[in-house]
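Quick notes on the structure that follows.
The values are calculated or read from the model by the stated rules, or taken from the named source; none is laboratory data. None of these values were measured; they are calculated from a predicted model. Glycine also receives a Cβ, built like all others from the backbone with ideal geometry; neighbour counts cover every protein chain displayed.
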Ligand SMILES: Nc1ncnc2c1ncn2[C@@H]1O[C@H](COP(=O)(O)OP(=O)(O)O)[C@@H](O)[C@H]1O
Ligand SMILES: [Mg+2]
């Protein structure tokens with residue numbers, strides 16, 4: 001069984017079909033690239049898969065459960081992590097606190113936290129260890145006590161991914177993680193995505209315009225145009241598909 005199955009998914013915004021009849025399967029531990037011109041519906045598809053929008057039609061099954069009508073926090077708790085096209089961090093909190101907050105959001109035991117019961121201090125210790133591990137893995141330990149907004153842009157992007165991984169997802173959706181990065185930051189990000197995949201053994205879906213990154217990192221690539229899947233195949237197949245070249249790649253890949 002696939003980790004994620006999307007069947008004839010459609011999202012209309014008034015008269016506009018942002019996602020149109022998309023069917024897609026994502027396997028466990030797969031790295032899938034999602035590409036297409038601006039406005040093709042990539043972010044909307046992420047928003048449907050993470051419960052931000054309810055689909056107009058179609059259904060979504062994640063890890064054997066129908067999540068078509070589930071709320072974002074329910075979907076997150078099932079093991080779906082994501083980052084956003086525009087960075088969303090708690091700017092005034094430190095780097096470490098940003099990760100800690102993400103851990104708190106997962107399976108929060110509110111009663112014990114309010115009353116500071118022994119369970120709380122135990123959980124708190126485990127959380128601190130997890131934060132330390134993530135800071136180490138993402139090479140952010142040196143910045144742990146700095147406010148998130150004092151970090152360079154590339155590091156903020158990295159912290160966002162660390163946050164998304166804090167809840168131990170089975171699948172991670174990355175929406176244009178290299179946007180605004182310089183070539184050396186992009187190369188570092190490429191290595192980081194592969195390292196995450198290796199270490200955490202999760203599925204990753206990557207929306208990205210940097211074709212080198214997509215083609216080097218992804219095992220399979222899905223191309224959207226006007227909300228529709230126009231091609232789904234290996235990077236080689238996608239790069240050599242005349243329709244994809246005409247629609248998007250412009251022959252320069
Ligand atoms: N909340 C919304 N309300 C109305 N239209 C939207 C909304 N979100 C996205 N759209 C429209 O849906 C289309 C797809 O957008 P989007 O999914 O952001 O594309 P992409 O991420 O591929 O650039 C665009 O035409 C966009 O303007
Ligand atoms: Mg987008």
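In the set (1) at positive phi; (2) part of a loop (DSSP other than H, G, I, E, B); (3) away from ligand 1 (no atom under 16 Å from the Cβ), the condition left unmet by residue 70 is number (1).
With respect to residue 45, determine if the residue is within 19 Å of the chain's Cα centre (by Cα), outside any loop (DSSP other than H, G, I, E, B) and under 23 Å from residue 170 (Cα atoms). Taking the combined requirement at face value, the residue satisfies it. The single condition among (1) without any contact (Cβ under 8 Å) to a residue 40 or more places away in the chain; (2) within 16 Å of ligand 2 (Cβ to nearest atom); (3) surrounded by 21 or more Cβ atoms within 10 Å (Cβ to Cβ); (4) in a helix (DSSP H, G or I) that residue 178 does not meet is (4). Taken over region 1-15, the criterion of being surrounded by fewer than 22 Cβ atoms within 10 Å (Cβ to Cβ) and not in a loop (DSSP other than H, G, I, E, B) is satisfied by 5, 7, 8, 10, 12, 13. Exactly one residue out of 40, 18, 54, 96 is buried (at least 20 other Cβ atoms within 10 Å of the Cβ), assigned to a loop (DSSP other than H, G, I, E, B) and either within 16 Å of ligand 2 (Cβ to nearest atom) or modelled with pLDDT of 95 or more (or both): that is 40. Checked against (1) under 30 Å from residue 58 (Cβ atoms); (2) away from ligand 2 (no atom under 16 Å from the Cβ); (3) surrounded by fewer than 16 Cβ atoms within 10 Å (Cβ to Cβ), residue 230 meets all criteria but (3). Looking across region 157-175 at every residue that is away from ligand 2 (no atom under 16 Å from the Cβ) and part of a helix (DSSP H, G or I), the one that is surrounded by the most Cβ atoms within 10 Å (Cβ to Cβ) is identified as 163.
Looking only at region 47-66, residues that are within 8 Å of ligand 1 (Cβ to nearest atom) and in contact (Cβ under 8 Å) with a residue 40 or more places away in the chain come to 1 in all. Selection of region 195-210 for residues being within 14 Å of the chain's Cα centre (by Cα) and either free of Cβ contacts under 8 Å to residues at least 24 places away in the same chain or under 19 Å from residue 35 (Cα atoms) (or both) yields 203, 204, 205, 206, 207, 208.
When region 181-214 is filtered for residues that are surrounded by fewer than 18 Cβ atoms within 10 Å (Cβ to Cβ) and in contact with a strand residue (DSSP E or B) (Cβ under 9 Å, 6 or more places away or on another chain), the ones remaining, listed by number, are 194, 200, 209.
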